[in-house]
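Note sheet for the following structure.
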Amino acid sequence: MKKYILLGIFLWSLNSCSSDGDGEDIPTTTETVITKNILNLFAGGPTGGDSPTVYFNLETGLEVPPSEAGTKNWDISFKRTDIRLNGGVSGPGNAGAFIIDDQDYEAIETAPDGNYIKDGDGPDDSSGIGVANGLAFTNWFTYSAETHTVVPNNQVYIIRTANNKYAKLQILSYYSESSPPISASYTFKYALQPGGSKIFK
């Protein structure tokens, strides 16, 4: 009898529920974590020109066509230094971010409980170069006036995706490794829990 009780507890722990941040309980499981290293994702164009927006799905690891910008098929978008999440003022999804400063990426094994910031509820720009205010990613970098370069801050973003999965993401570079380097060529890494739980290990 005991083994059936223990099995029931185990299955309950794997198929528990979590809140999506809007009060709705969502079934979750803990599955094998998806890890990706994205190199030189270009999201730029001439300064002052009409730069493209690149929409990206964290679960598939693929770009999403701009025609799907009004759907929940993307989680994060890039347009030069402007990074948006599919939630709040930026999209119909439930995406938000929790920012962790000065902590080793690998040491973060679970997504924290707490207030996940949606676009529109974020901070004001402190870069001095006029990026969008109110985004969860508004202050993801420091701008060097001496070298005129964008340097990612030592931050890990815990992201609740458009469809209520959890990922940890760190931006590593804003420039390509080519010579000369090309700006708005993002290199970043992330790990996503496809089962909906908050466990990254």
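Which pairs do you get when a residue that is among the aliphatic types (A, V, I, L, M), found in region 102-126, comes within reach of a residue that is part of a loop (DSSP other than H, G, I, E, B), reach meaning Cβ atoms under 7 angstrom, with the pair 6+ apart or on two chains?
108/200; 111/198; 117/136
Every residue in region 88-133 that is assigned to a loop (DSSP other than H, G, I, E, B), within 30 Å of residue 147 (Cβ to Cβ) and of a type in the set (Ser, Thr, Tyr), please.
126, 127
Looking at region 60-77, which of the residues that are touching a Ser or Thr at 6+ places or on another chain (Cβ under 7 Å) and not hydroxyl-bearing (Ser, Thr, Tyr) is nearest to residue 150 (Cα to Cα)? Let's see the steps before the verdict.
Let us first name the residues in region 60-77 that are touching a Ser or Thr at 6+ places or on another chain (Cβ under 7 Å), namely 66, 75, 77.
Add one more test, that the residue is not hydroxyl-bearing (Ser, Thr, Tyr), and what stays is 66, 75.
Numbers: 66: 26, 75: 23 Å.
The qualifying residue nearest to residue 150 (Cα to Cα) is 75.
Considering only residues that are under 9 Å from the mean Cα position of the chain (by Cα) and assigned to a loop (DSSP other than H, G, I, E, B), which ones fall in region 151-194?
Scanning region 151-194 gives a single hit, 161.
Restricting to strands (runs of 3 or more DSSP E) lying wholly in region 8-87: which have 2 or more residues that are at pLDDT 95 or above and surrounded by 18 or more Cβ atoms within 10 Å (Cβ to Cβ)?
So the answer is 54-57, 76-79, 82-85.
Based on what the data block shows, is residue 107 modelled with pLDDT of 95 or more and either surrounded by 21 or more Cβ atoms within 10 Å (Cβ to Cβ) or closer than 25 Å to residue 131 by Cα (or both)?
Against the criterion (modelled with pLDDT of 95 or more and either surrounded by 21 or more Cβ atoms within 10 Å (Cβ to Cβ) or closer than 25 Å to residue 131 by Cα (or both)), residue 107 does not qualify.
The values are calculated or read from the model by the stated rules, or taken from the named source; none is laboratory data. None of these values were measured; they are calculated from a predicted model. We place every Cβ from the backbone using ideal geometry, glycine too, and count neighbours over all the protein chains shown.
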